[in-house]
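What follows draws every value from the coordinates through simple rules; no lab data is involved. None of the values given here were measured: they were computed from a predicted structure. Don't worry about glycine lacking a Cβ; one is built from the backbone with ideal geometry, like all the others, and counts go over all protein chains shown.
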Amino acid sequence: MPRLSYRRALTRALADELTRDEAVFLLGEDIQVGASLVTTGLAKRFGVDRVRDTPLSEQAFTSFATGAALAGLRPVIEFQIPSLLFLVFEQIVNHAHKFPLMTGGQCAVPVTYLVPGSGSRTGWAGQHSDHPYSLFAHVGVVTVVPATPADAYGLLVSAIRHDDPVVVFAPAGAMDRRDDVSDLEPVPLGRGRIHRFGDDVTVVAIGHLVHDALAVAEEVADQVSVEVFDPRTLYPFDIDGLTESVARTGRLVVLDDANRSCGMAAEIIASVVERVRLIAPPRRVTRPDGAVLPFAPALDRAVQPSREQLATAIHLTMKDSS
């Protein structure tokens, strides 16, 4: 089977959708030269009318994309830095997201917001290292965080074809991931995936942390049987799939590279305990409350959730139920 990187999977998804549907076009800052290495070669292949560089005015071109979508096109906006989403929260949430709802479905706004390299990247510091996906899940915008190259391809394709706005977070920690991939196909939005089956505890891992969870599950396999659940879509969340997993294992640990307070980890735990009686109290492994990632690499890593923290949480969960 051919090996495919996460980054190239995103490129292939964009190219395939540009080929399939003439209504699809890309826009963003420096995308014609492929500054993020995701859109490399697409301007030459599809032309600058469909791969459009924009001025450094995120609010302006995000609003432009909303108008283009209302007119029948399918824009894909690339944001090179996740924190730029804070600037355009108004345009995405109050405009693109709410127009179809406030008009009773009389219009569609099929815009895809792609963030290649969300989260921490070495030396990018506090204003470039966020994972603000819980904000979009909170307001009801479709929000996806692929962990693997196949899911990066499949979820991005499904996002572009969706008739509502979709935010696609592609974590920096996953961008250079390479997997053997046989077939590439759309992945349904709102459906999670079990990467590893287990009997003792369910670990929910978001985005690139799926690979850390799998590594820890292997490390503790002689002591604990760990099931690794990847939600893939944070909104709508596959609560039925997760409930089925936790109902079997009876224990839950959530691994999330975002701030602790009001984060996805808390929402996932609350949703599960409303449905399942757990054997032991659930645990979450996250960034600290209100974390801002420092510039210094050692401090940057210290703020992020680690494999050691996850292993400790798993063992404590098992101990609490013994």
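Across G72, G290, G154, mean-square fluctuation computed from a Gaussian network of the chain (C-alpha pairs under 10 Å connected) peaks at G290. Here's how it looks for V204: its modeled amide H is under 5 Å from those of F229, V253, V254, L255, which are all 5 or more places away or on a different chain. Taking chymotrypsin sites (Phe, Trp or Tyr not before Pro) in DSSP loop states with no more than 15 other Cβ atoms inside 10 Å as exposed sites, the chain has its longest site-free stretch at 1-196. For T103 and L299 in one chain, what is 0.36 nm times their gap in residues minus the Cα-Cα distance, to one decimal in nm? Additional length available on full extension: 65.8 nm. Taking a sphere under 12 Å around the Cβ of R191 and counting the other residues whose Cβ falls inside, with K and R at +1 and D and E at -1, yields a net charge of -2. Relative to the longest principal axis of the Cα atoms of the chain, the long axis of helix 58-70 lies at roughly 80 degrees. The distance between label points at A15 and I194 comes to 3.6 nm (points 7 Å beyond Cα on the Cα→Cβ vector). When the charge dipole of the chain is built from unit charges on Cβ atoms (+1 for Lys and Arg, -1 for Asp and Glu) and taken about the Cα centre, the candidate among V33, A125, T233 whose Cα reaches farthest toward its positive end is V33. The H on the amide N of T54, modeled in the peptide plane, is under 5 Å from the matching H of G28, E29, D30, I31, each at least 5 residues off or on a different chain.
One decimal place: the segment I239-V48 gains 64.6 nm when fully extended, by the rule 0.36 nm per residue minus the C-alpha distance. FRET efficiency for the pair L316 and F89, taken as 1/(1 + (r/R0)^6) with r the Cβ-Cβ distance and R0 = 51 Å, rounds to 0.90. Just checking the listed ones, T112, T122, T233: in the Gaussian network model of the chain with Cα springs under 10 Å, the one fluctuating most is T122. Comparing M175, M102, M264 in a Gaussian network model of the chain, where Cα atoms under 10 Å apart are tied by springs, the biggest mean-square fluctuation is seen for M102.
Here the dipole of the range 1-146 is about 460 debye; that uses its Cα centre as origin and unit charges on the Cβ of Lys and Arg (positive) and Asp and Glu (negative). Note on the range 96-252: with charges restricted to the Cβ of Lys and Arg (+1) and Asp and Glu (-1), its dipole about the Cα centre is near 580 debye. Projecting label points 7 angstrom from Cα along Cα→Cβ for E185 and V292 puts them 4.7 nm apart. Here the sum of -39500 (n - 2.57) over DSSP H runs of 4 or more residues, divided by the residues of the chain, equals -10500 deg cm²/dmol at 222 nm, to the nearest 500. Report the net charge of residues surrounding R20, where surrounding means a beta-carbon distance below 15 angstrom and charges are Lys +1, Arg +1, Asp -1, Glu -1. Around R20, the charge tally is 0.
Using the Cα centre as the reference, give the magnitude of the dipole from point charges on the C-beta atoms of the chain (Lys, Arg: +1; Asp, Glu: -1; all else neutral), rounded to the nearest 20 debye.
Details: 30 positive and 39 negative charges, 22 e Å.
Value, rounded to 20: 100 debye.
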